[in-house]
Structures are given as C-alpha cells and as structure tokens.
Amino acid sequence: MKLNDAPGLDRKDLLGLEELSEREIRLILDTAREFREVLDRPIKTVPAMRGFTIANLFYESSTRTRMSFELAQKRLTADSIGLAVTASSVKKGESLRDTARNIEAMRVDMIVMRHSQSGAPHRLAAQIDAHVVNAGDGCHEHPTQGLLDLYTLLENLGDLRGKRIVIIGDIAHSRVARSNIHGLRRMGAQVGVCGPPTLIPVGIEDLGVTVYPTIEEALAEADAINVLRIQLERIGVPLFPSTREYARLFGVTPARLEVAKREVLVLHPGPINRNVELDSRVADAPGAVILSQVTNGVAIRMAVTYLLAQKTMKAAHALA
Amino acid sequence: MHSRDLLISGGRLVDPEADELRRADLLIRDGKVVALSPNINADVPVLDATGLIVSPGFIDLHVHFREPGQEWKEDIDSGSRCAAAGGFTTVCAMPNTDPPLHDQESVRFVVERAREVGLVDLHVVGAVTTDLAGTILSPMGEMAAAGCVAFSDDGRPILDSGLMRRALEYSRQFYLPIVQHAEDTGLTRGGAMNESAISTKLGLTGMHSSAEEIVVARDLALLPLTGGRYHVAHTSCARTIELLRRARAEGLPVSCEVTPHHLALDEQAVSDCDYDANYKMNPPLRSVVDREAMIQGCVDGTIDAIATDHAPHLPDEKEIGFSAAPFGVIGLETAFSVAATTLLPHMSLRDLLRLLTTGPASVFGFKDRGRLAPGLRGDVVLFDSESEAVYSVESTHSKSRNSAFDGMRLQGKIVATVLEGRVVFGESR
Ligand SMILES: [Zn+2]
C-alpha cells in the first residue's frame, strides 16, 4: 500500500461532484483502487483511522447507502455512530443550525448526511468544523454514487474520453443523474439523457448534456447506459401514468438493446424495479455491472473518508 | 410652540413632480407643511439638513408586520421602527396575520396599535375573503369605513375566476383596488425558486414565471366586465410587465409594484448563496431578462411603486433547509439604498423618488401626502444619496434577520425621518 503517501483532498467536505476537479476525482478513484484490492483479501480491514469518529445522519431512509458507508468506516477502523433521525423531528422543522451545534458538541470528526432537501449538507457544512460527506441531498447530488459509477465505468471502458454514456429515467428528480453528469463530463465523456418529457427538467442542456427524444436513439449510440430507478410515488402526480406504460416506452429490454453496441455496459444505482425500468434478462446478463457497482461503492466510500480526513489525522498525530 | 412643529433648514428639497432640486427651508406646523422658501425664520425646533436631500416621506404599499399572531417574528412596534429607519412614513399592512385582518375589529386593532407606537402612519389592506380562505367575501364596506385602503388575500392568490370577478365588482363601490398575489399555484406546488436551468442544477423544485403571467392575464380579462381597479403585488417577470404595459395603453385601471430585491437580484443569487434561505422569496428571484424588464418598467412608468414586501422570519425558522424554509425577506431599511444603487444608473433621483412617493400615493388614493407642498402632511425624509456603505443586518430594528442584502455595498443613507413634524428617526442636529 502506498496510502500513506496519498496527499489527501484539499477540502473539508465532499458535497458534490460539480465542484471537484479531474485531478481530485482521479485521486479518489486511484485511492479507491487500492482499497478495492483490500476488500478481496481474507482480512478486509486497514487500521488507518483509529480514533476518528464519524456520525451517520440519515434524515431519509436508505438501507443500502447507509450500510455501504458503515462498512467502509468499519474497514478503516474508524468509530462510527448512527444518529437516528425520526421523521417527526424533521416534520417539526428542526433547525439545521441546532443539529450542527449538537453534533459539534459531541466532538465528532465527520458527518455523513442524507437529507430529503437539496442543499441541507451544504448548510450544515458551512456551520461546523467537522468534515461533511453528502450521502444524497434531495434532487441535487449523490457524489459517492457518482464516483462509484465512474469507477465502474473506468474499470470496464478503460478511458472515458469520447465515450458516450446515457442516463435513462427520471432525470428531474435524480441526484444520481446530476452527480453522474458532472463527474462524467469532467472525465471527458459525452453524456446523454433520456426519459419521458415530464421527467426531463427545464434547462438540463445547460449542464452540457444531449437530450435524446427516444430511447432507441439513445441506445444506438451508447457505450454505457445508467438506468435510474423509477420512484413509484411519481406515478400519476401527474408525471407519468403507470409503470406499465413506463416499461413499454422506456424499459430497457433485450429487444431494445438489439440496436445497441454488443458490449454496451448496463449500470443501475439499485434497488431495481425489475421489469419496469430494467428487464430482468438485461439486469442479469453479463453486460450488467450492477453488483460490482455495489462492491466498488464500499471502496469509493473508504477512499473519500480516508482522503478527506488526511489533514485532520495528520494534525492529530502531530499533537500526540 | 407645538410638538408637531419643525423647521428643516439648509437642505435641497426635491418634489417628485416638480422640475428640479432647490435649496430651501421647509416649515411644518401642527404636522402639516406650511411653507417652503429660503431662509425661513420661525420659533420652532430646527432640523439641520445641510448637505442632505429633503424628500416627501416614502410610502410602502406592502408590508407584513406579523401582529397579531406572530409577534416573535415582528410586531407593530419593531416593524414601525424599521419603517422609520428606512425613511417610510406610510406603510400598508397586509392582512395575513393570525387572525387575519378580515373585519372592522381586526382592522381597527392594528391601526390603533400603530397609532400608539406613533412611528409610522399605518394603513391596512383588508382581506378579500374571510379567513383568506378564498370562498366568502369579507365585509369590505365595514373595513373601508374602518380605514382600509385596498383589499388583498396576499400570501395567497385569488384563484377562482368567479370570486375574482365578484371581488372586483364589489370593491368598485368603495373606489378601492383589489391587490392580487399573482400565482397559479398549480404550477408552483412544492417550488422553492424560479424554474430554469439553475433550479435544475441545484435540484430545487421550480416555480415557473408563467404562474404569474397566467393569473395577471386572467384578471385583466375581467377588468372591462367588472369595472374594478386592479393592482398587481410584487411583479417579477418580463411577461407580466408586458401585459400590464398593454393594459395601461388600453386605458384599463391597472397598477403594479416591484420589490427592491426583484430589481437588484436575479436567480443567480440562489446559486451563489449555498442554499441560504434568505434568498427564498415568493415570487422567487427571476432571470436576468426578467430583472432587466423590472428596471425598464420603472424607467418607462409601467411600474407605479417600489414596495418592500417586508416579510420577517427568525433565523431558526429560515435555517431548516431551503425547500422547507418559509418565503420572504425583510426590506424596509434597505429599500431606498437598494433602489438607489440599482436604479440611479438608469434614471434621475427625482424619477426614483416618484416610485417611493407620488407613485404609491396615487395607487392607493392617498391625497394628503407624496409631495412637498403647503397643506400636505409634514412627512419628510432626509437622506444622503451618494454615501456608500456595506450593509450589515445586525444593524436592523427588526426582530428578524432575513435580509438578502447583508454584506452588500449599497449607495444612499437615510439620515432622518419626520412624521407629521416629529422626528421619528435620526436626531435633530
Ligand atoms: Zn404576496
């Protein structure tokens, strides 16, 4: 391991991929690659972060993302706690400032925050000294998901420069889509989006993406597709009429993939609505890299945690 | 000698409807202007205005003072202090209090409280419908008798076309306007900012400007039928201004106002503020094009008045996440300097002052104020239009801190405010 030589990230927080440079993204991906090797060993722990305390603050339930973060923290031997945030305290409108003050008083070093409102981690980060990692804020960003998608794509495609990646589904409400767009563009990929017109937000072209009018056109050109999960609560809002119609118009099926490149990669952030946005035969085919996304996610979260903490850890060791 | 006697000496007087600035003294006796001429001698207290501009006191058509019901955010006392500090001698309070100002008792209560405080001449915009519920017409006649100057369900739009028709017809007999908060809420549900590429990037639900345009277009269609007077609160988008410009050209009885923040800021501010809810207001900050149209509307006279929509909320109420936070910003104390900073590159000081004095006075039918002339109220503001300073919200008289201009460099400083011959802000020097 060359980990100790890693320079660390020269920022306190990871709030989104929009603000990361290509150099920073590469540093995270390179570090993740080293942790990814560790995950294949019999003993999967690196004693890198003893005494570093992390609070996982999930205002919105997400079993998978939370488990992935917790596992990453355990693999790094950090101390982690989960703060149960009940739906009621959110409804009461607890001030993010109060939350910040309370956490600060507990002397935690890092907060991993999932929140239903866009920008909540940004407000928290601005008011505390502890590191903040955004684990998904509203419809805004989900940077660690974006990074693990990049990792998985690079692992399979080698280089993203000039490659065409298409994101399919509910672009309007997807933080995964936004983080993917920023990250992919930074790495030189061409990005397209495709979905029902009601789920393509106003002005998305300004983020530097192509909007494909039909899924057939999108699939014909793609080197990889990232199929988003359709949130069932959007049905009849009225954003789209039914899952059956969605599957008929935008579901990724073997028949549709016949126009695609033979080796097209299929990603999905999970959990899959099988046979709605993704046909089971596609989800379980060799081109689908959905399970390696999950494993890579742990390595990415280890890398992000480790790199953000570098400065704080070094300062602490200097004191000791 | 009367406590409502005052001599304002040595200043440059500006009457928005007169031709130019002139150096003169201004004498107020028993709360009314009695003389304007050089070198007045009178045995009354003197306010030295040397080096300052003396203008009619400002008139704000749109404030929320939160009393009764939400006195922790603001009350008539603290709100009045903000008004006086901002050079406003007349404010019109919106009815969305708790309980709402929807009958003669509630109207009288607020007017009486403001009179006790005595720092600003407060008038009430009464509710159009009982409980602001959008169903039953409020007793407009009784409220008019109690002193209401207009009617509005502000905070909420009047969406039902049949109700809007009846409100315009019924209010006609009192010669009072209906003030519309123009928002088709079917288009803004869950929204937090203007809908555009910026809301898409920030992942915030948008409130498209068509929501304002649609309601204004509908209301304009009702004017020839009803004969009512119609005023659009806080206009925010180019298409609304275009609709009103045409309506005015057709001779329809329309008027409108714009807030200082819609003149000075656009949606980019939301992108730059890291989700600070002090940039969340309704209507939201719009596009650059919309903002330019607001300035143009002020220049060409389509817009009658600058109104603050002063809407206090406490820091902890704002700091619950951008989407969940309540809409609104305070604005009385910064209105003049924000307007001066934004508009003086485009228009004369006299034309700017018209938007704060005679413009709003004619919208709500105030005949005894808005100009400097013998017989009118002795409501006067003294300011320095050129001095620049960085505004700090910590200096506010409000109970709240939700300013969109904290830390901003602004031009123009209110030095003293005189209400019916009494100095209610600043000091006799
Ligand atoms: Zn309003």
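Among A:Ala255, A:Ala218, which is the only one that is over 19 Å from the mean Cα position of the chain (by Cα) and surrounded by fewer than 14 Cβ atoms within 10 Å (Cβ to Cβ)?
Unique residue meeting the criteria: A:Ala255.
Of all residues being small (Gly, Ala, Ser), in a helix (DSSP H, G or I) and buried (at least 18 other Cβ atoms within 10 Å of the Cβ) in segment A:284-320, which is farthest from the chain's Cα centre (by Cα)? Just the residue, please.
Once the filter is applied, the top-ranked residue is A:Ala309.
Yes or no: A:Arg36 open to solvent by 40 Å² or more (accessible area, probe 1.4 Å) and touching a residue at least 12 places away in the same chain (Cβ under 8 Å)?
yes
Go through segment B:207-243 and count every residue that is under 18 Å from B:Glu292 (Cα atoms), over 23 Å from the mean Cα position of the chain (by Cα) and basic (Lys, Arg).
So the answer is 0.
Here's the yes/no breakdown for (1) within 14 Å of chain B (Cβ to nearest Cβ); (2) closer than 19 Å to A:Arg66 by Cβ:
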site	(1), (2)
A:Glu94	yes, no
A:Ala105	no, no
A:Val112	no, yes
A:Ala120	yes, yes
A:Ile171	yes, no
A:Asn180	yes, no
A:Leu184	no, no
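Count, please, the residues in segment B:264-286 that happen to be open to solvent by 20 Å² or more (accessible area, probe 1.4 Å), in contact with a Lys or Arg (Cβ under 8 Å, 6 or more places away or on another chain), over 15 Å from B:Met408 (Cβ atoms) and not charged (D, E, K, R).
1
Filter segment A:12-51 down to the residues that are assigned to a loop (DSSP other than H, G, I, E, B) and modelled with pLDDT of 95 or more and list them by number.
Listed by number, the residues that qualify are A:Lys12, A:Asp13, A:Leu15, A:Gly16, A:Leu17, A:Glu18, A:Glu19, A:Leu20, A:Ser21.
Any residue at all in segment B:258-269 that is away from the ligand (no atom under 15 Å from the Cβ) and within 12 Å of another protein chain (Cβ to nearest Cβ)?
yes
Residues that are open to solvent by less than 40 Å² (accessible area, probe 1.4 Å) and of a type outside the set (A, V, I, L, M): which strands (runs of 3 or more DSSP E) entirely in segment A:90-175 hold 3 or more of them?
A:131-137
Of the residues in segment B:106-140, how many are touching a Phe, Trp or Tyr at 6+ places or on another chain (Cβ under 7 Å) and more than 16 Å from the ligand (Cβ to nearest atom)?
So the count comes out to 3.
Taking into account only those residues within segment B:392-410 that are over 18 Å from B:Lys318 (Cβ atoms) and either crowded, with 19+ Cβ neighbours inside 10 Å or at pLDDT below 95 (or both), which is nearest to the chain's Cα centre (by Cα)?
B:His397
Out of the residues in segment B:197-225 meeting the condition of being surrounded by fewer than 21 Cβ atoms within 10 Å (Cβ to Cβ) and among the small types (Gly, Ala, Ser), tell me which one is farthest from the other protein chains (Cβ to nearest Cβ).
B:Ala221
Sort out which residues of segment B:316-334 are in contact with a helix residue (DSSP H, G or I) (Cβ under 7 Å, 6 or more places away or on another chain), within 14 Å of chain A (Cβ to nearest Cβ) and outside any loop (DSSP other than H, G, I, E, B), and write them in order of number.
Listed by number, the residues that qualify are B:Asp316, B:Lys318.
Has segment B:175-187 got any residue that is within 14 Å of another protein chain (Cβ to nearest Cβ), within 16 Å of the ligand (Cβ to nearest atom) and not in a helix (DSSP H, G or I)?
No, because not a single residue in segment B:175-187 is within 14 Å of another protein chain (Cβ to nearest Cβ), within 16 Å of the ligand (Cβ to nearest atom) and not in a helix (DSSP H, G or I).
Could you list, in sequence order, the residues of segment A:201-215 that are surrounded by 20 or more Cβ atoms within 10 Å (Cβ to Cβ) and either within 13 Å of chain B (Cβ to nearest Cβ) or of a type in the set (A, V, I, L, M, F, W, C) (or both)?
Matches in segment A:201-215: A:Pro201, A:Ile204, A:Val209, A:Ile215.
Determine which member of the set B:Val258, B:Val289 is open to solvent by less than 10 Å² (accessible area, probe 1.4 Å) and without any contact (Cβ under 8 Å) to a residue 60 or more places away in the chain.
Answer to the check: B:Val258.
Taking the stated definitions as given, is B:Leu419 open to solvent by less than 20 Å² (accessible area, probe 1.4 Å) and under 20 Å from B:Pro56 (Cβ atoms)?
Judged against the criteria, B:Leu419 is a match.
Return yes or no: is A:Ser61 over 19 Å from A:Leu14 (Cβ atoms), within 16 Å of the chain's Cα centre (by Cα) and not charged (D, E, K, R)?
Against the criterion (over 19 Å from A:Leu14 (Cβ atoms), within 16 Å of the chain's Cα centre (by Cα) and not charged (D, E, K, R)), A:Ser61 qualifies.
Taking segment A:230-244 as the region of interest, how many residues are open to solvent by 10 Å² or more (accessible area, probe 1.4 Å) and either among the β-branched types (Val, Ile, Thr) or at pLDDT 95 or above (or both)?
3
Of these, B:Leu332, B:Leu349, B:Leu382, B:Leu314, which one is farther than 21 Å from B:Gly31 by Cβ and buried (at least 24 other Cβ atoms within 10 Å of the Cβ)?
B:Leu332
Looking at B:His346, is it modelled with pLDDT of 95 or more and within 14 Å of chain A (Cβ to nearest Cβ)?
So B:His346 does not fit the description; no.
The values are calculated or read from the model by the stated rules, or taken from the named source; none is laboratory data. Here the structure is a predicted model, which is why all the values come from computation and not from measurement. Backbone-built Cβ (ideal geometry, glycine too); neighbour counts: all protein chains shown. Only protein heavy atoms, including side chains, enter the accessible area calculation; ligands, DNA and RNA are left aside. Shrake-Rupley method; radii C 1.70, N 1.55, O 1.52, S 1.80 Å.
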